[in-house]
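Worksheet: the structure to be examined is printed underneath.
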Amino acid sequence: MTNGMIKAVVVDPSAPGRLALAEVEGPTPAPHEALVKVEAISLNRGEVKTALDTSPAGARPGWDFAGTV
C-alpha cells in the first residue's frame, strides 16, 4: 500500500542551498515497518553538509522526525 503523494525535503541542485520542499511519491512500508504521519523534521549539520556536497538530485536527507504511527 502506498501513501500517495507527500511533501519531502529533497536535494535539488537548482534550488538555493540545494534543498527544496517537493511533492514526491509516498513510501510503501514493508511488513516489518511502520508508516508514520510526520508532523515535524530536523536536519542536522552533517545531513545538510552531505546534501550540499555529495548527495544526488532527489535524495531525501534526514532521519529525525516526530509524528503519529
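The values are calculated or read from the model by the stated rules, or taken from the named source; none is laboratory data. Keep in mind the model is a prediction, meaning the values are calculated, not measured. Quick reminder, even Gly has a Cβ in these numbers, built from the backbone with ideal geometry, and neighbours come from all protein chains shown. Accessible surface is based on the protein model in full, side chains and every heavy atom, while ligands, DNA and RNA are left aside. Shrake-Rupley method; radii C 1.70, N 1.55, O 1.52, S 1.80 Å.
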Could you list, in sequence order, all residues of the range 33-48 that are open to solvent by 40 Å² or more (accessible area, probe 1.4 Å) and among the acidic types (D, E)? E33, E39
Number of positions in the range 7-62 that are small (G, A, S), more than 11 Å from the chain's Cα centre (by Cα) and in a loop (DSSP other than H, G, I, E, B): 6
Given the structure, is P56 free of Cβ contacts under 8 Å to residues at least 40 places away in the same chain, open to solvent by 40 Å² or more (accessible area, probe 1.4 Å), of a type outside the set (A, V, I, L, M) and out of contact with any Asp or Glu (no Cβ under 7 Å at 6 or more places or on another chain)? no
Subset of the range 1-15 (residues that are farther than 18 Å from G62 by Cα and either of a type in the set (V, I, T) or exposed (fewer than 12 other Cβ atoms within 10 Å of the Cβ) (or both)): M1, T2, G4, M5, S14
State the number of residues belonging to the range 16-32 that are open to solvent by 70 Å² or more (accessible area, probe 1.4 Å) and either polar (S, T, N, Q) or under 15 Å from W63 (Cα atoms) (or both). 1
Could you grab me the full set of residues in the range 5-36 that are among the charged types (D, E, K, R) and touching a residue at least 24 places away in the same chain (Cβ under 8 Å)? D12, R18
